[in-house]
Amino acid sequence: MFQHIEAFAGDPILTLNEQFAADPRADKINLSIGVYLNDEQRIPLMGAVAAAEVRLAQSINPHPYLPMAGLPAYREQSRRLVFGEGQGERIATIQTLGGSGALKVGADFLKAWFPQARVWVSDPTWDNHKGIFGGAGFEVGTYPYYSPATHGVAFDAMLAALRALPAGDIIVLHACCHNPTGADLSQQQWRELALVVQERDLLPFFDIAYQGFGEGIVEDAFAIRYFAEQNIPLLVASSYSKNFAIYGERCGALHVTGKDADEAQKIFGQLQSAVRKNYSSPPAYGGRVIATVLEDQQLRAQWEAELTAMRVRMKQIRSELYAQLKAQLPGGDFEYLRIQQGMFSFTGLPVAQIRKLRDAHGVYLIESGRVCLAALSSAGVAPVARAVVQVMTE
Ligand code: PMP
């Protein structure tokens, strides 16, 4: 029966992680992963999350199904975190299985109601964008995004490509901390992009998986809030995996803005229909933890302070690594570490040097040249800087 089934090629990042785990060197360093580690090289358990878990554990409850759309308090808090106060009646929000679940339900909803549209993702992007939108039946293309010369966004090329799209096409945008490049649009560029989206009647689908990792909770949501204020219809997939360090509980949300409360209600119904056909209703535990933190003034303040500390740590690692690289190789171009935002940067190192980093120095990066700075400890900065300079000068 199953003879024709082909082996799954696997995920290059996971394969590299297996190779890392099997590497016997004690001083090996893994910068290929996509999670935030604290300076002790562990996924943190945030104090606000732990406190909410203790609170929840104190009352023993049965385990009913959640509604298809998830917990009402979670939905409300999630909408406010992304959009701020106001406009709530015209936004349909559902709880989802992480940011991935939000993208998948959003993709199914769009395929049902915009079957002719094509989807455009940045070049490069998080690999699974292509998988999820392709899996929902869309033709997926790319628009220019990254400029190796400036380590920033190739904004003119991006705008030119988007201007050429037919009305109704869907563009996936990283709201902040672009994965994999760390290169983000400035506020002025977001404003210009909003004009093009309006002129061309495009449908933006924002992906915000790192809110609070760039400049702050409010700052990182700038683009979404600005587009919503311009009354541009849009979708948002938001994830709590990173900013609550709650990866395995699969917490995210999907938001869709309608023109008014009536339209939002219809959209809300169709989102529930898409959920029903996927997994019926979301898991409850992580949703309860997050709603508890966000609804409680004290826990929320604690969470915000802990999130700020994570952001500050990532920025410190960036500037320490920059300083050490620049000191050892003054002619080298390491500006990318200071320009780019969030967990990731694009080093631009050629594949041969990335392999040498791994084989000769035990420093693991994926071959695209993406480095996860959120996985580097302060103790790891000096050996990584030494290794990078060595492979660049050999
Ligand atoms: N979008 C982007 C850009 C991501 O980097 C990730 C996670 N790596 C996701 C979505 C998915 O988030 P989650 O793990 O919450 O499904």
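Odds and ends about this structure:
- Boolean, Val121 is β-branched (Val, Ile, Thr), under 18 Å from Arg250 (Cβ atoms) and either buried (at least 24 other Cβ atoms within 10 Å of the Cβ) or within 16 Å of the ligand (Cβ to nearest atom) (or both): no
- Some residue of the range 43-66 being modelled with pLDDT of 95 or more and under 30 Å from Pro233 (Cβ atoms): yes
- Which listed residue, of Ile29, Ile94, is more than 22 Å from Val218 (Cβ to Cβ), away from the ligand (no atom under 16 Å from the Cβ) and surrounded by 16 or more Cβ atoms within 10 Å (Cβ to Cβ): Ile29
- Filter pass, Val289 being more than 19 Å from the chain's Cα centre (by Cα) and farther than 30 Å from Leu81 by Cα: no
- One residue stands out among those in the range 161-200 that are crowded, with 20+ Cβ neighbours inside 10 Å and at positive phi: the one that is farthest from the ligand (Cβ to nearest atom), which is Gly182.
- Any hit, the range 124-132, residues being of a type in the set (Ser, Thr, Tyr) and within 16 Å of the ligand (Cβ to nearest atom): yes
- Unmet criterion (only one of (1) at pLDDT below 95; (2) in contact with a Phe, Trp or Tyr (Cβ under 9 Å, 6 or more places away or on another chain)) for Ala161: (1)
- Residues within the range 207-232 that are outside any helix (DSSP H, G or I) and either among the basic types (Lys, Arg) or closer than 23 Å to Gly70 by Cα (or both), tallied: 6
Results for (1) buried (at least 20 other Cβ atoms within 10 Å of the Cβ); (2) in contact with a strand residue (DSSP E or B) (Cβ under 8 Å, 6 or more places away or on another chain), shown as yes or no for each residue.
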| position | (1), (2) |
| --- | --- |
| Gln265 | no, yes |
| Asn278 | no, no |
| Ala291 | yes, no |
| Arg338 | no, no |
| Gln341 | yes, no |
| Phe346 | yes, yes |
| Val351 | no, no |
| Glu367 | no, no |
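- Residues (among the hydrophobic types (A, V, I, L, M, F, W, C) and surrounded by 20 or more Cβ atoms within 10 Å (Cβ to Cβ)) located in the range 315-333: Ile317, Leu321, Leu325
- Residues within the range 32-75 that are away from the ligand (no atom under 16 Å from the Cβ), within 29 Å of Gln272 (Cβ to Cβ) and under 21 Å from the mean Cα position of the chain (by Cα), tallied: 1
The values are calculated or read from the model by the stated rules, or taken from the named source; none is laboratory data. These numbers come from a predicted model, not from an experiment. Cβ: placed from backbone, ideal geometry, glycine included. Neighbour counts: every protein chain shown.
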